[in-house]
Structure formats: C-alpha cells, structure tokens
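The values are calculated or read from the model by the stated rules, or taken from the named source; none is laboratory data. Just so you know, these numbers come straight off a predicted model, no measurement behind them. Neighbour counts are summed over all protein chains in view; Cβ atoms, including those assigned to glycine, are modelled from backbone coordinates with ideal geometry. Just so you know, the surface numbers come from the protein's heavy atoms only, side chains and all, with ligands and any DNA or RNA stripped out. Shrake-Rupley method; radii C 1.70, N 1.55, O 1.52, S 1.80 Å.
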Amino acid sequence: MSADEFIVTPWHVEGDIDYDKLIEKFGTQKISPELLEKIKTMTSEDHFMLRRGIFFSHREMNRILEDYEKGKEFFLYTGRGPSGHTHIGHLVPWVFAKWLQEKFDVNLYFQLTDDEKFFSKSNLTLEETNKFAYENALDFIALGFNPEKTKIIINTKNIQTLYPIAAQVAKKINFSNTKATFGFTNETNIGMIFYTSLQSAPCFIEDKPVLIPLGVDQDPHFRLTRDIAQKIGKHKPALIHNIMIPALTGPGGKMSASEEKGTIYTTDSPDVVKKKINKYAFSGGQPDIEQHRKLGGNPDIDVSYQYLRIFFEPDDSKLKKIYEDYKSGKLLSGELKAILIEKINEFLKTHQEKREKAKQQIEQFLLENK
RNA sequence: GGGUUCGUAGCCUAGCCUGGUAGGGCGAUGGUCUCCAAAACCAUCGAUCGUCGGUUCAAAUCCGAUCGGGCCCA
C-alpha cells in the first residue's frame, strides 16, 4: 500500500488516512468555522474535541441545530461493536455524546451490536460478544450518564423492539446497495447482509430527528439509512464524525481491541499503562538526545502527544506548551510519555471506580422491550 | 439434496502428483542501538500437518469415513 492509500470501512481501517480525501470520498461535510461557531454559541462552550478537529466532519448537523433553535428536539444515538474489552479510544465519541446530551438535554441511545460482531468475527461466539456487550456497557455507564435519559440497547436482548423498525428498513435496501456500500461478496454470510438494518433501527426509535456522534468508519451504515429514511416516512439521521484514534504502535490504523500491545484497556492497572506506553508508544522523537535537543521532535506523528490532544489534555495552553517544548527539543520523548502516563492513570483511577459502581446501575440503563 | 474445492504454528503459505516424521513470509519474544518508540542488526519461541480409521517397515503426503469452511447447482 502506497503512502496516499487508505481503507476505511466499518470492519477494516488501514493506512494513513487523509481526512480531507475521506470527506470527499464519503460525501460528508467538513465541519466549517461557521458551524463550529454555532455549536459554540448554542452550548456556551468551546469543546476541545471540536476546536481541535477530533470531530471533523458531519452530515446535516446544522439542520439539527436549526431545528433545535425552533424548539424541535432531537435525540442522540451512538454505540459500539462488542468484539473485546473497551479501550481508551472507544471513549472519544461516548464522552462527546455525553457532552451533547448535557448541553441539549436530550435522550441518548447506546447500541451494543453483539450480533454484528458475532457475524463479522469468525473467532467469536455469540456468547462471547454478548458478554463483551455487558462489559462494554459498564465503561459507558462509568462516564456518568443519566439513566432517566439514557438507554442501552443490546441487539440480541432488544431484538423485539428493533425488529419491526429493522424490517421497515430492510425492505427498502436491496442486495446491490449493501454490496456496493460494504463490499460484500458471495462468501459474506447473510447475517451481515441484513445487519445494517439493525444498526439503522435506533435512528427511528423515537419520532424525532437523530444526531449520531460516531467514528467516521461507521458512516457507510448511515449513508444507507439516510437514503431510505424518507421512503419509510422518517427523518434522515444527522451525523458528526470523529477521526480514528491511532494505535499505540503508530499511525496506519485505529486502535484495535484485538491487538493487546497496541491498546490501553480501561481496566489496565497503572503499571501496565506505564509499561505499554513506554514500551510501545510510537514516538516522534529523534534517534538520540543530542539530535533531539538540536532538531526537536515531531508531535504530529507522536502517538503520546496525539493521545493528549485527542483526549487527555483538554487545556489548550498546557497542550500548546507541550507541543512547543517537544518541537523545540526541550521536552524528551520519555518525558512526554511520562506526562501521558500520569494523565491516563489519573483518568483511569476514577473511571475504574465508577466502572465498579456501574455494575449496580446497569439494570437501570438497559432498554426494556415493550 | 447434488457437485466441487479447501482445512499445515496467532495469520498467510510451501510441501502432497513422484510416501521416509515440515520449509518460508508476517507476527510474537529477547538482545544490541535509542531519552523512549520506530528503523536496522542479531537471536529465540512456535505447527506432528482438522478428526478417526485403513494401506505400508514408514503418511502431512495414498485410501475410506467424519467434522468444519468456501463456491456452484437444485
């Protein structure tokens, strides 16, 4: 694969992603300075993930906001494919969803697609993906959602609720559409072929427009959903996309839950975090101290810096200082890593406490079939 | 239901026709080098060849059955 090639699909992300090209390829909108300003005004907050372009693209987010201003409420929907333990990269859209929920005071649905991971991963049983669904739910709850306004959908558990909606969707999507959208072939199992209609279903669970914060790799599902929404008399879902979180071991893919070493799990202990960062985090430093002092490091490709930018250092002035110190050579890679390690461990300490408590709260969050 | 094809270490795969206890690539691990990581170099671990049975002095390699995957047809 040459440097300018990359692949982004719901099941596979590879290469060095050019996000401007991706916007063009997917036909989404870049988040404009105007939209950014509008969000800022309406929420009275300048969220760092927006400001820094962690969320960089959208589909009709502006419509959602305009309608909201006119008193037309929306709801939020995001989710996760439970193929393994939760890692810190998963938290990005969830944290952002929580922020949106607080700012707009709206309902949020969180879908755990245990069936889909069973279909798409040959090495996982349905029991395993279901187990991961419940486990991942703990991490979601730990972020502090309000159970009154937040419901967790587990596909195999909530099929009764989802199915009538999915059926409406499924009838409007033909084989050519799914094949073209997802690259299905004759060896694709039929679970996969039907599956996108289940991922669509929560879009229509309330009779209101929906806004979906999500990783841009999941966009294809909702491209289809948007195409058929009017045909079934529903609102087109709006989306806001975040970039792929780089793996610890470097650019060229997102953090994968199935690759141990390139991944910081939410349940990792402080010493494991320290070891993983020091031992695996790809750095933008120079080969030795002398050159580093002289030439400086490259924060743009340095994974530790990127993690601070994406999630762990919301304070712009602090981040800027780190950026400049690293670039000038004043800050060494090892020192940068130490900063990140402390930030992650600080975060995980409280996260893990809340995650424990979530075990008592999970029932309140699970959607009841009606 | 019929046909066909495949099943070798975590992954990809050579060997099978011309039977004599398996070779490579990626990965992983350790080391050297680095403030770390990467790269580079060195080293190491790892499969008894889907399963069961048969033929043979000897089978991944031949035969049969069985399980599993893929494709085609019905």
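For the reader, a short list of remarks on this structure follows.
- Amide H contacts for residue A:57 (H built 1.01 Å from N in the peptide plane; partners 5 or more residues away or on another chain; cut-off under 5 Å): A:31, A:241.
- Accessible-area ranking of A:326, A:109, largest first, probe 1.4 Å: A:109, A:326
- Amide H to amide H, with H built 1.01 Å from N, residue A:150 comes under 5 Å of A:108, counting only residues 5 or more places away or on other chains.
- Phi to ³J(HN,Hα) by Karplus 6.51 cos²θ - 1.76 cosθ + 1.60 over the range A:64-74, Hz, x for Gly, Pro: 4, 5, 4, 4, 4, 4, 7, x, 9, 7, 10
- Residue-level accessible surface for residue A:63, protein heavy atoms, 1.4 Å, Å²: 50
- Close amide H pairs (under 5 Å, H built 1.01 Å from N) link residue A:79 with A:111, residues at least 5 positions away or on another chain.
- The charge dipole of chain A, taken about its Cα centre with unit charges on the Cβ of Lys, Arg, Asp and Glu (plus for the first two, minus for the last two), comes to roughly 420 debye.
- Cβ-placed point charges (K, R +1; D, E -1), dipole of the range A:255-356 about Cα centre in debye, nearest 20: 120
- Dividing the summed -39500 (n - 2.57) terms of all DSSP H runs of n ≥ 4 by the residue count of chain A sets its mean residue ellipticity at 222 nm at -15000 deg cm²/dmol.
- Taking all protein chains as shown and a probe of 1.4 angstrom, residue A:292 keeps an accessible surface of around 10 Å².
- In sequence order, the range A:15-29 has phi-based couplings of x, 8, 7, 9, 5, 5, 5, 5, 4, 5, 4, 7, x, 9, 10 Hz under the Karplus curve 6.51 cos²θ - 1.76 cosθ + 1.60, θ = phi - 60°, and Gly or Pro positions carry x.
- Computed with a 1.4 Å probe on the full set of protein chains, the accessible area for residue A:272 sits at about 50 Å².
- Within chain A, percent of DSSP bridges classed antiparallel, to nearest 5: 40
- 3J(HN,Hα) along the range A:283-292: 10, x, x, 7, x, 8, 4, 3, 5, 5 Hz, from the Karplus curve 6.51 cos²θ - 1.76 cosθ + 1.60 with θ = phi - 60°, whole Hz, x for Gly and Pro.
- Relative to the longest principal axis of the Cα atoms of chain A, the long axis of helix A:333-365 makes an angle of roughly 30 degrees.
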